[in-house]
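Worksheet for the structure shown next.
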Amino acid sequence: MTLSVTTWNINSVRLRLPIVEDFLRRENPDILCLQEIKCQNEQFPAAEIAELGYSNIVIHGQKGYHGVAICSKLPLTEDHRQDYCGVGDSRHISAIFEWAGRRIRLHNFYVPAGGDEPNRDVNPKFGHKLDFVEEMKALSAEAEPNTGSILVGDLNIAPLEHDVWSHKQMLKIISHTPVETDGLLEVMRQGKWVDLMRQHVPDTEKLYTWWSYRAKDWAAADRGRRLDHIWSSADLAPLLESVAVLKEARGWTQPSDHVPVTARFKAP
DNA sequence: ATGGTGGGCGTCCCA
């Protein structure tokens, strides 16, 4: 009895529905979490995705920007949407599902990118990002009794040295500044979250999930960053079987700049 | 050192 959960920043689910369908047919995860759907709830291609077996869908969309959704083969209950920073952005959704006799809450996040200048005095977007991360510190993996937790999403921060192509050259670049990386590690520490990707791949190995659209040849340059993450509560971490980063998806026709990341768990 | 690409929306925002 296995459980597979995928996270993917799709950068417009309507434009990229064909590759979402290809991915689901081919990889067939139990649950797909999407970020940057860039549509309102009623515009989400729910019928097409349900047709592939994902009949349980919860959406937190908005017009034009951001937006997150969970598409699941397993029934979803108790879905919640939290308005981080109280600005009305659709950047979080969570729901409960049951697997192997366990109750699990799944959180799906899209953390603000933060703009270009890493100084909150001149760049309010960076301030928003830091405030968002600060608010995430209150989210515990052990928040609900008898309930495990999984947290996925585009967190827009590459916390470790080998989560970026050049640690030294990235220290003043948003996504890898010390105030962000310290903040995200503190979210993990305070919430008792386990970084499942790094449980599977050692910290000393380069690991990326995003490659910029702006590179002439993204694969040759390979200047990636690990912006997408899968975390869990400590009780679920020992059940992790594998984590797969589908790098080839960056080379698909009309790709997202992020690739799907899938965690597989095995029941004891 | 700079500008590079991509999506949604609507004549510019965000990433």
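The values are calculated or read from the model by the stated rules, or taken from the named source; none is laboratory data. Values in this document were obtained by computation on a predicted structure and should not be read as measured data. We place every Cβ from the backbone using ideal geometry, glycine too, and count neighbours over all the protein chains shown. Ligands, DNA and RNA are excluded from the accessible area calculation, which covers all protein heavy atoms including side chains. Shrake-Rupley method; radii C 1.70, N 1.55, O 1.52, S 1.80 Å.
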Q.
Ratio of alpha-carbon Rg to the 2.2 N^0.38 Å globular estimate for region A:37-82, to two decimals, please.
A. 1.12
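As a check on your grasp of the helix formula, calculate [θ] at 222 nm for chain A: sum -39500 (n - 2.57) over DSSP H runs of n ≥ 4, divide by the residue count, round to the nearest 500. Kindly include the intermediate steps, with their values, before the conclusion.
Numbers: 7 runs with 56 residues, N = 268.
Result for chain A: -5500 deg cm²/dmol, rounded to the nearest 500.
Among the listed pairs A:206/A:266; A:172/A:266; A:168/A:216; A:73/A:206; A:38/A:247; A:63/A:192, which are separated by more than 30 Å between their Cα atoms?
On the way: A:206/A:266 26 Å; A:172/A:266 40 Å; A:168/A:216 22 Å; A:73/A:206 32 Å; A:38/A:247 23 Å; A:63/A:192 34 Å.
Violating the 30 Å limit, Cα to Cα: A:172/A:266; A:73/A:206; A:63/A:192.
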Q) Taking square-rooted eigenvalues a ≥ b ≥ c of the alpha carbon gyration tensor, is region A:1-145 rounded, prolate or oblate, where a/c under 1.5 means rounded and, failing that, a/b exceeding b/c means prolate? A) oblate
**Q.** Derived scalar couplings ³J(HN,Hα) [region A:112-118; Karplus, 6.51 cos²θ - 1.76 cosθ + 1.60; whole Hz; x for Gly, Pro]
**A.** x, 5, x, x, 9, 9, x
Q) So who's got an amide H within less than 5 Å of the one on residue A:151, skipping anything under 5 residues away but keeping other chains? H placed 1.01 Å off N, in plane. A) A:107, A:231, A:232
Q) Which cross-chain or sequence-distant (5 or more) residues have an amide H under 5 Å from the amide H of residue A:99, H modelled 1.01 Å from N in plane? A) A:104
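Can you give the FRET efficiency for residue A:22 and residue A:122, using 1/(1 + (r/R0)^6), R0 = 35 Å, r = Cβ-Cβ distance, to the nearest 0.05? Before the final figure, lay out the partial values.
Values: r = 43 Å, r/R0 = 1.22.
It comes to 0.25.
With the other protein chains left in place, how much accessible area per residue, in square angstrom, belongs to region A:2-266 at a 1.4 angstrom probe?
On the way: 11400 Å² over 265 residues.
Per residue, region A:2-266 has an accessible area of 43 Å².
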Q: Compare the Cα positions of A:191, A:239, A:252 along the charge dipole of region A:2-266 (+1 at Cβ of Lys, Arg; -1 at Cβ of Asp, Glu; about the Cα centre) and return the one farthest towards the positive end.
A: A:252
Q. Which number comes out as Rg/Rh for region A:123-200 once both Rg and the Kirkwood Rh are worked out on C-alpha atoms?
A. 1.00
Q. What list of ³J(HN,Hα) couplings, whole Hz, do you get for region A:206-216 from phi and the Karplus terms 6.51, -1.76, 1.60, once you set θ to phi - 60° and write x for glycine and proline?
A. 4, 8, 10, 10, 9, 9, 4, 5, 7, 6, 5
**Q.** For region A:236-242, Karplus couplings with θ = phi - 60° (6.51, -1.76, 1.60), whole Hz, Gly/Pro x
**A.** 8, 4, x, 8, 5, 9, 7
Q: When you have a sec, figure out the Kirkwood radius of region A:120-268 from all distinct Cα pair distances and drop it here in Å to one decimal?
A: 16.3 Å
Q: Beyond 25 Å, what share of the Cα-Cα pairs of chain A is found? Please give it as a whole percent.
A: 40 percent
**Q.** Whole-angstrom gap from region A:1-62 to region A:75-99, using each part's C-alpha centre
**A.** 16 Å
Q.
Run the paramagnetic zone check for residue A:78: 7 angstrom along Cα to Cβ, then residues of region A:191-207 with backbone nitrogen under 19 Å.
A. A:191-193
